[in-house]
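A.B. asks: Quick one: this structure, given as structure tokens, is what I'll be asking you about.
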Amino acid sequence: MEPYIKCAECGPPPFFLCLQCFTRGFEYKKHQSDHTYEIMTSDFPVLDPSWTAQEEMALLEAVMDCGFGNWQDVANQMCTKTKEECEKHYMKHFINNPLFASTLLNLKQAEEAKTADTAIPFHSADDPPRPTFDSLLSRDMAGYMPARADFIEEFDNYAEWDLRDIDFVEDDSDILHALKMAVVDIYHSRLKERQRRKKIIRDHGLINLRKFQLMERRYPKEVQDLYETMRRFARIVGPVEHDKFIESHALEFELRREIKRLQEYRTAGITNFCSARTYDHLKKTREEERLKRTMLSEVLQYIQDSSACQQWLRRQADIDSGLTPSIPMASNSGRRSAPPLNLTGLPGTEKLNEKEKELCQMVRLVPGAYLEYKSALLNECNKQGGLRLAQARALIKIDVNKTRKIYDFLIREGYITKA
């Protein structure tokens, strides 16, 4: 409680006394009542004559507790200032203060100057794999050469061409000399941009693309979509801040899913976790029964055609024995094609949107295989700048009609572009 007394002779650690103990001449261990002392208080202005140092600290603590912008809650926690006074003072002295802005700018410029002309090598612990030249992994790593910490083809790879014919001689005129120096300065700025991009690649661990993709797949599909959208902004913030942002959204997604589950319990009238476990067990049982009824309806569709029924039985026997089911041949009667694939319970279904689920049902393709084909086509399209149907068929070794449907779907939804 301020004000209080600090002994000027004891310490470290410092020895503090309240006013009541000081007036009684309290002594403890080495501290004596005749020691010199200091009166400690924060009842003085710092940035504004009407705001004491104690109120400044209380404002900062309230903003940290209540969040920036919640000025009514901040004022309620401070008790001594109104909502308008808190907002005006904080914006004036802590956000728009030119002294703070110039200090941050100087710190940023000093940091840039410190790392501007230094090399960007990989540390031994971050040493990426060393693939053979022109291998698939080498192409995934954009031709990176770990032994040289360099790329086969650099960003702005032909920047040096502008300097190859420049020669400084003594009889150059002032204008010609200035032009040559300007070209050298431009080349230097292009080198700095090349170095900046290397630093981003190193800091965010983008060299080993496969490892990066495996780390990305640990998130749910909704978070993966956010990761893909926010990737272009990763260069603005550091890798730690970017990962914290993604992790916070992943945590938010998990919390929302858990809240939705609890709301489902509340709607069903469940008030304790014992009843919730019983509810989940019964829900799982009902889902299995519904799946059996769906499979039964699929069987009934085939029974109307004896040849198709035999094919369906052979396919189920292959599935039960762990073999890849043979592709059913069209019946001679031509009455009915194969029904849509039931995706219930198949791995990867939760990563598909509604249109992708409809596509997998119509072409009878399991979600896991579709996601692998989609990833391969997207990677090839990004490398080539476009993709032709013939290239898609070369990448995906499945039925050409299914490949055509997948290719047309990805073109129509904007995932890839035609070459």
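A.B. asks: Which lysines, if any, have their Cα less than 28 Å from the Cα of LYS199, not counting same-chain residues under 8 positions apart?
C.D. replies: Counting by Cα, and skipping residues close in sequence, LYS199 has these lysines nearby: LYS108, LYS114, LYS211, LYS244, LYS383.
A.B. asks: What FRET efficiency comes out for the pair GLU160/GLU222, r = Cβ-Cβ distance, R0 = 56 Å, nearest 0.05?
C.D. replies: 0.80
A.B. asks: Taking the Cβ of GLU247 as the center, what net charge do the other residues with Cβ under 13 Å away carry, scoring Lys and Arg +1 and Asp and Glu -1? Walk me through the intermediate numbers first.
C.D. replies: Values: positive: ARG218, LYS244; negative: GLU216, GLU241, ASP243, GLU252, GLU254.
Once all neighbours under 13 Å are counted, the net charge is -3.
A.B. asks: Hey, which aspartates and glutamates would be in cross-link range of LYS221, C-alpha to C-alpha under 15 Å, not counting anything within fewer than 8 residues on its own chain?
C.D. replies: Those aspartates and glutamates meeting the cut-off are GLU247, GLU252, GLU254, GLU350, GLU354, GLU356, GLU372.
A.B. asks: Continuing with this model, one more query. Assuming 0.36 nm per residue, please report the length gained on full extension of the stretch ASN342 to ARG266 beyond their Cα-Cα distance.
C.D. replies: Here the answer is 24.3 nm.
A.B. asks: While we're here: What is the distance in Å between the Cα centres of region 38-98 and region 237-263?
C.D. replies: 31
A.B. asks: Report the accessible area of LYS83, computed with a 1.4 Å probe over the heavy atoms of all protein chains in place, in Å² rounded to the nearest 10.
C.D. replies: 80
A.B. asks: Roughly how many Å is it from the Cα centre of region 154-190 to that of region 331-409, as a whole number?
C.D. replies: Here the two parts' Cα centres lie 53 Å apart.
A.B. asks: Moving on. Could you sort out which of LYS198/LYS397; LYS283/LYS402; LYS351/LYS402 sit more than 29 Å apart by Cα distance in this structure?
C.D. replies: With Cα atoms farther than 29 Å apart: LYS198/LYS397; LYS283/LYS402.
A.B. asks: Out of the total accessible area of region 1-79 (probe 1.4 Å, heavy atoms of protein only), what percent is carbon and sulfur?
C.D. replies: Answer for region 1-79: carbon and sulfur cover 57 percent of the accessible area.
A.B. asks: With charges set only on the Cβ (+1 for Lys and Arg, -1 for Asp and Glu), what does the dipole of region 32-97 come to about its Cα centre, in debye to the nearest 20?
C.D. replies: Using Cβ point charges on Lys, Arg, Asp and Glu, region 32-97 gives about 280 debye.
A.B. asks: Please list, in order along region 181-197, the HN-Hα scalar couplings obtained from phi with the Karplus expression 6.51 cos²θ - 1.76 cosθ + 1.60 (θ = phi - 60°), rounded to whole Hz, x for Gly and Pro.
C.D. replies: 5, 5, 5, 5, 5, 5, 4, 5, 5, 5, 5, 5, 5, 4, 5, 4, 5
A.B. asks: Taking 0.36 nm per residue of separation and subtracting the Cα-Cα distance, what length does fully extending ARG256 through ARG24 add?
C.D. replies: That works out to 77.7 nm of additional length.
A.B. asks: If you don't mind, there's one more thing I want to ask. Sort ILE259, ILE398, ILE5 from largest to smallest accessible area, using a 1.4 Å probe on the heavy atoms of the protein chains.
C.D. replies: ILE259, ILE398, ILE5
A.B. asks: Just to confirm, what accessible area per residue do you get for region 158-231 at 1.4 Å probe, in whole Å²?
C.D. replies: 71
A.B. asks: Same structure again: Taking 0.36 nm per residue of separation and subtracting the Cα-Cα distance, what length does fully extending PHE245 through VAL366 add?
C.D. replies: Numbers: separation 121, 0.36 × 121 = 43.56 nm, distance 3.25 nm.
The span from PHE245 to VAL366 would gain 40.3 nm if fully extended.
The values are calculated or read from the model by the stated rules, or taken from the named source; none is laboratory data. Fair warning: this is a prediction, and the values are worked out from it, not measured in the lab. FYI the Cβ positions are ideal-geometry reconstructions off the backbone, even for glycines, and counts take in every protein chain you see. Accessible surface areas use protein heavy atoms only, side chains included; no ligands, DNA or RNA. Shrake-Rupley method; radii C 1.70, N 1.55, O 1.52, S 1.80 Å.
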